[in-house]
Amino acid sequence: RGEYCDQDEEERHAPALVCPTHSLEKLGFVMPLKILPPHEVPPHDYDEDYLVEFTTAYSGDDKLVICGDGNFSRDVLVYDTKRHEFVRDDKLPDRLPVIMHGQVTAFLEGSLVVAAGGTQGPAPNWAYSWDERLQTWQTLPPIPTATSHPGYCVMGSRLYVIGGYSHDFTNLDVYQPIASPYGTWHTTRLQIFDGSTRSWSLGPPLTALKERGEVTRSTAVSAVAFEGCVYVFVKRQGDKRMGGSSRHVYKYDPDAEAWSESTPLPVTPSHLVACVHNRRLVVAGVLGEEEPQVLEMRPRVTFMYALHDRTWRHVPTRNGHEVSWPRGGLLSLVPFPLRLRSPM
């Protein structure tokens, strides 16, 4: 969950790690109340105690990487999902190569990759990969279209980057939603990085975003790889506070190199995030800014072979556990195995 400031109520909510399905405290874990502070004090009026606009990546070996900061910190935080505490991991960097936020953060073929994202000005088209052996960041080929706060996911050896803020007016994929805050510009581009060839390519743009005027920044778009396709969820147009996601669900098939629409969501949650858990596509959001909602997408039992015949099923969250669902926007939804702590 990210920091959220209600301009009307003048409230700030610190970033925190939350679990919507289990009371980890009752299982013997002490969950951090906030994400650890960065090393340096930022030169502006933001609260330097908290990371803002961060992104995450799960390594697959129990480590969750949290990095990128609107407070201009280069800190890379590592959260051990086995011990449920922040740790120092010698295999991973403790600093980003540059100050960035709203960037892509992902593990691609075992290496940590960061790309795109912005600083104080227009987003550069940089990309980097962490070399564990040399303990240094390596420069990757630049992303074709500089963007910040895009949706992204990994499938196989490829990293898929969709949408985001962009000021690249050299192509027709850039657009400005009618309800875009601060007159921002977005892109419909699908940019693909192949880790095996270390090269970028362009897929077909998601033109429906431009046609419907939907917003495509990270707090407004979530992408996830599921059953060989890329699923994309975006914000709707017309809400002055960017609240409320679109019911549209877009699906990209890499084999067909084509976009289509999947089963729309039955509700319109705000600050929507998605992941794959137990071979199911899980979407989490907040209804009416407050009410938690989790949905699972799974094949109908009688039509498991018919991948087009899908439905959304409501999954209740733990009742009465307000700590797990504090107010604010959701920035990341990450699945990992729950391991019980051994008795002392």
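The values are calculated or read from the model by the stated rules, or taken from the named source; none is laboratory data. Since the structure is predicted, the reported quantities are computational estimates derived from the model, not experimental observations. FYI the Cβ positions are ideal-geometry reconstructions off the backbone, even for glycines, and counts take in every protein chain you see. Keep in mind that these areas ignore ligands, DNA and RNA; they rest on the heavy atoms of the full protein, side chains included. Shrake-Rupley method; radii C 1.70, N 1.55, O 1.52, S 1.80 Å.
Tabulated values for the structure
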{"item": "All positions within the range 73-83 that are in a loop (DSSP other than H, G, I, E, B), open to solvent by less than 10 Å² (accessible area, probe 1.4 Å) and farther than 12 Å from His101 by Cα", "result": "Thr81"}
{"item": "Selected residue (only one of Glu211, Glu227 is open to solvent by 10 Å² or more (accessible area, probe 1.4 Å), at positive phi and at pLDDT below 95)", "result": "Glu227"}
{"item": "Residues that are surrounded by 17 or more Cβ atoms within 10 Å (Cβ to Cβ) and part of a loop (DSSP other than H, G, I, E, B), drawn from the range 126-162", "result": "Trp126, Leu140, Ile143, Pro144, Thr145, Ala146, Thr147, His149, Pro150"}
{"item": "Any pair with Cβ under 8 angstrom, 6 or more apart, that starts in the range 89-108 at a residue that is closer than 13 Å to Ser129 by Cα and touching a residue at least 12 places away in the same chain (Cβ under 8 Å) and ends at one that is aliphatic (A, V, I, L, M) and open to solvent by 40 Å² or more (accessible area, probe 1.4 Å)", "result": "Ala106/Val154; Phe107/Val154; Leu108/Val154"}
{"item": "Sole exception among (1) farther than 26 Å from Val224 by Cβ; (2) in contact with a helix residue (DSSP H, G or I) (Cβ under 8 Å, 6 or more places away or on another chain); (3) of a type in the set (Ser, Thr, Tyr) for Tyr175, by number", "result": "(1)"}
{"item": "Condition met for Ile66 (within 22 Å of Tyr252 (Cβ to Cβ), in contact with a strand residue (DSSP E or B) (Cβ under 8 Å, 6 or more places away or on another chain) and in contact (Cβ under 8 Å) with a residue 24 or more places away in the chain)", "result": "no"}
{"item": "The range 54-67, residues that are open to solvent by less than 20 Å² (accessible area, probe 1.4 Å) and aromatic (Phe, Trp, Tyr)", "result": "Phe54"}
{"item": "Subset of the range 170-184 (residues that are open to solvent by 40 Å² or more (accessible area, probe 1.4 Å) and either closer than 27 Å to Asp94 by Cβ or modelled with pLDDT of 85 or more (or both))", "result": "Thr170, Leu172"}
{"item": "Selection from the range 40-67 of residues that are under 18 Å from Gly118 (Cα atoms) and either touching a helix residue (DSSP H, G or I) at 6+ places or on another chain (Cβ under 8 Å) or modelled with pLDDT under 50 (or both)", "result": "Pro42, Pro43, His44, Tyr46"}
{"item": "Count - residues of the range 95-104 that are assigned to a strand (DSSP E or B) and buried (at least 23 other Cβ atoms within 10 Å of the Cβ)", "result": "2"}
{"item": "Test set (1) modelled with pLDDT of 60 or more; (2) in a loop (DSSP other than H, G, I, E, B); (3) open to solvent by 30 Å² or more (accessible area, probe 1.4 Å) - Gly70 fails condition number", "result": "(3)"}
{"item": "Boolean, Ala123 is modelled with pLDDT under 90 and either hydroxyl-bearing (Ser, Thr, Tyr) or surrounded by 23 or more Cβ atoms within 10 Å (Cβ to Cβ) (or both)", "result": "yes"}
